[in-house]
There are 2 protein chains.
Amino acid sequence: MAGSEESKIAELKREQDASDLEEFIGYNLKRAYVIVQNDFRAALGKDGLGPRVFSALSLVVQFSHITQSRLARKLGIERSGLVAIIDELEGRGFLARTTVPGDRRVQALVPTKQGITAYRDAQARVKEHEDLLLENLTAAEKQTLIGLLQKIRSGEE
Amino acid sequence: MAGSEESKIAELKREQDASDLEEFIGYNLKRAYVIVQNDFRAALGKDGLGPRVFSALSLVVQFSHITQSRLARKLGIERSGLVAIIDELEGRGFLARTTVPGDRRVQALVPTKQGITAYRDAQARVKEHEDLLLENLTAAEKQTLIGLLQKIRSGEE
DNA sequence: ATAAAACTGTTTACCTAGTTAACGTTTTAT
DNA sequence: ATAAAACGTTAACTAGGTAAACAGTTTTAT
């Protein structure tokens, strides 16, 4: 056992904060998520895109002409919930709902030039903030973390 | 480069799903968090404790006579938000708000016997479900994950 | 050919989880 | 003694999501 004065203090401090909760993946996940999400909001500012609107725009830019149903599935949310998100992006002039010749049910989502540049800009700012927030994690650690999180995600269809 | 038929297919599939979003820690964190949180709810059932109520109870059991302010700080939420949580736990008969002799502002939170057994029970069920959900992660991976998440958490005061 | 089933986008009502600002009470500092 | 701070609480608000129902459209069975 470590016997130095420092480690005893550190041990004591850890004991003080320690709780059953720390053992749960879910709890740690949530606490970390809240921190990163707050940083995200700080990165894009008060009138900037919210996390979910940013995510939707990202996918529309990358997968032009995607339908709302497919987009909702990709985001892992219900398509009813996507409506307000697309409304906002359309309202900001970042994408358009366009009709599709073969199928009058769907409306393909097409990013505008403005939407594309807005996304590139936001992407850069978020990345910058995230890098700063996580500066005490090495590149390898970040990659490990993403790998483990995706392993959790891979469980769901 | 891998040349087998399988790897080409796997590569194609990965490409199809790949998006800028996967690079963001925040996005991966959120998606994983949603999965684990849903599992948590499944573990405790429709009328079971919600995640935050469970967390609050956990800390009250472990730190008997804690005040609401200190508890809120431990949970990383505002003390105003804690009121409803404590109301619920008190309503279920899992804890009591008790007056403190020296200070008439505070109300020490004391778990009832019922609260303690309810917590032990819930704790076991959540752990069981979490283990099952994360069965494709090794014990070492889970520990690594927790360590990395706590490294993120350690950034905030 | 026609009826049934399935899919698309949408609205509405609801739920969970949290914040900020204000207030009355009590305690601490000056 | 008085000002400042801390405690628990309420009220109004924001964010993010679900479930159920709907009208219109397309696909599938028969």
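List of remarks:
- Per residue, in Å², the accessible surface of region B:21-152 once ligands and nucleic acids are set aside, probe 1.4 Å: 51
- Accessible surface, 1.4 Å probe, highest first, among residues A:88, B:141: A:88, B:141
- In chain A, the beta-carbon sitting nearest the axis that superposes A on B belongs to the residue given here with its distance in angstrom, A:33, 2.
- Inter-copy separations for residue A:132, label at 7 Å along Cα-Cβ, nm, ascending: 4.5
- Evaluated at q = 0.10, 0.15 Å⁻¹, a Debye calculation over the C-alpha positions of the protein assembly as shown (equal weights, vacuum) places log10 I(q)/I(0) at -0.71, -1.30.
- Expected 222 nm ellipticity per residue - DSSP helices of 4 or more, -39500 (n - 2.57), all of chain B, to 500: -21000 deg cm²/dmol
- Selected from A:86, A:116, A:25 as most flexible by GNM, with chain A as the system and alpha-carbon contacts under 10 Å: A:25
- Averaged over B:57-68, number of beta-carbon atoms from partner chains that fall within 10 Å: 1
- Nearest 10 degrees, 0 to 90: helix A:113-133 Cα axis against chain A principal axis: 0
- Helix A:79-91 axis versus longest C-alpha principal axis of chain A: approximately 70°, rounded to the nearest ten.
- Pairs of alpha carbons in chain A whose separation is greater than 29 Å (percent): 36
- Between 0 and 90°, nearest 10: helix B:51-62 axis offset from chain B longest Cα axis: 50
- The accessible surface of region A:21-153, taken with every protein chain in place and a 1.4 Å probe, is 52 percent carbon and sulfur.
- Per-residue accessible area (protein heavy atoms, 1.4 Å probe) orders B:112, A:138 as A:138, B:112, starting from the largest.
The values are calculated or read from the model by the stated rules, or taken from the named source; none is laboratory data. Every value quoted in this text rests on a predicted model; they were computed, and no experiment measured them. Counting neighbours? That spans all protein chains shown, and the Cβs are built from the backbone with ideal geometry, glycine included. All accessible areas refer to the heavy atoms of the entire protein, side chains included, with ligands and DNA or RNA removed. Shrake-Rupley method; radii C 1.70, N 1.55, O 1.52, S 1.80 Å.
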